[in-house]
Amino acid sequence: MTMTIDDIRDAIYSRPNARFDGDGTLEIRASAVGNCRRGLWYEATGHQVTNPRSDDSLTMLEAGNALEPVVLRAMQRAGWDITPTDRDNPRMVSLRLGPALLVSGHVDAAGVAPIFGNEPSIVEVKTRGPEAFKKWRTLGAERSHPESVWQAAFYTYGTFDEARDVVIATLDTGGRTWDYEVIPAQRVERAFEQACARLGELSAHHVINGPDPEVLPERDFTADDWQCKRCPFLNACLPGMAAVAGEPEEEPDAKSAEPVSDEEARAALLEYEQAQEMLKAIEEDKQWALGQLRVWLKQRGEDKAKLEGGKKTRTVGMVKSTRYNVDHKRLNALLDPETRAGIVTENVSEYLRVS
Ligand code: SF4
């Protein structure tokens, strides 16, 4: 059977995350350096996949891959000097870490920033949903997606043989906007050391045990983590947890509340819609009234004036407020992740949305 360009490309990009080479070296895909080490071991030692990816998840993955050249073209239009990898014949970058471990992968692109850039950096392209995009932009890649920095660090050392600035370019698949973050060389060096230490433990496991499929490394995650929920070896690793991992967590309130039938939920939805309509009408009236008062105040040439209301005398006045914006890109470039963690903190809240 003759292989088409698409077949060759698929074979290149769908290599296993971990495998043993002919000489017994454990080869890890650079894009998988942040994966669970037990999961990598399952894959390298040929365990049967127990929880294959769903069609939807494969579609998401393929859509993400297909959008990478779109981001690179957007960067070119924005003035970046981009050298994309030839996707039909990508250059393999591999880095040997000790006698028994190899990290390999394909760089998305090398790029020079417009105006101030002088030497090419590795450009690692990611596509993220709106929430993940926001998280990345606010926290920086080292905190939100450290594995992407580890991956780019491997490409940097594999390509240039030294630490250099790395560019993480990310597309928001919801809003279809893109942005980038530069990780300075000093922090790329640190990311590289962290990733090497992580993989070093897996390498040591290999050296001590050989490619034994029954002797497994420790788990890196627990059933609550999304990594386990999407793991192709979940049933092998955490038998009986697949159902639990797949189920949404039960809300504490939902446990104690009376059951709500579909009819009751529909009645509540209709009430909600009515309330929304009323609120909308009230808000429009309010905005009209405020507009009138603004014009009245302006006519008087005053910032503040008293006016008799229905029940009491009110003060009508213009209030100025200043909003402060944080340039997260600059902040992320200036501060290391630990310092940033003390400044930009996460606060998770939840609410019910009806859309
Ligand atoms: S189920 Fe979780 S802990 Fe087990 S191999 Fe997969 S990711 Fe690792």
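Taking the criterion of being among the charged types (D, E, K, R) and closer than 30 Å to LEU334 by Cβ, the residues of the stretch 181-222 that qualify are GLU181, ARG187, GLU189, ARG190, GLU193, ARG198. Close contacts from the stretch 207-234, counting a first residue that is more than 7 Å from the ligand (Cβ to nearest atom) and a second that is of a type in the set (Ser, Thr, Tyr) and part of a loop (DSSP other than H, G, I, E, B), with Cβ to Cβ under 9 Å and a gap of 6+ residues or different chains, come to PRO211/THR45; ASP212/THR45; PRO213/THR45; GLU214/THR45; LEU216/THR45; PRO232/THR50. Scanning the stretch 200-245 for residues that are of a type in the set (Val, Ile, Thr) and under 27 Å from the mean Cα position of the chain (by Cα) yields THR222, VAL244.
Checked against the criterion of being of a type in the set (S, T, N, Q) and surrounded by 16 or more Cβ atoms within 10 Å (Cβ to Cβ), the candidates SER54, SER104 yield just one match: SER104. Counting only strands (runs of 3 or more DSSP E) that sit wholly inside the stretch 80-181, those with at least 3 residues that are assigned by TED's automatic domain parsing to the domain that holds CYS36 and farther than 24 Å from ASP21 by Cβ are 81-84, 109-112, 121-128, 166-172. The condition of being without any contact (Cβ under 8 Å) to a residue 40 or more places away in the chain and of a type outside the set (Asp, Glu) does not hold for LYS329. Residue check: MET75 meets all listed conditions (1) within 30 Å of TYR180 (Cα to Cα); (2) not in a helix (DSSP H, G or I) but one, namely (2). Taken over the stretch 340-355, the residue count meeting the criterion of being part of a loop (DSSP other than H, G, I, E, B) and either surrounded by 10 or more Cβ atoms within 10 Å (Cβ to Cβ) or touching a strand residue (DSSP E or B) at 6+ places or on another chain (Cβ under 9 Å) (or both) is 2. Residues being within 16 Å of the ligand (Cβ to nearest atom) and in contact (Cβ under 8 Å) with a residue 12 or more places away in the chain are entirely absent from the stretch 165-175. None of GLU124, GLU189, GLU162 is under 23 Å from the mean Cα position of the chain (by Cα) and farther than 19 Å from GLY79 by Cα except GLU189.
The values are calculated or read from the model by the stated rules, or taken from the named source; none is laboratory data. Just so it is clear, the structure is predicted and the values come from calculations on it, not from any experiment. FYI the Cβ positions are ideal-geometry reconstructions off the backbone, even for glycines, and counts take in every protein chain you see.
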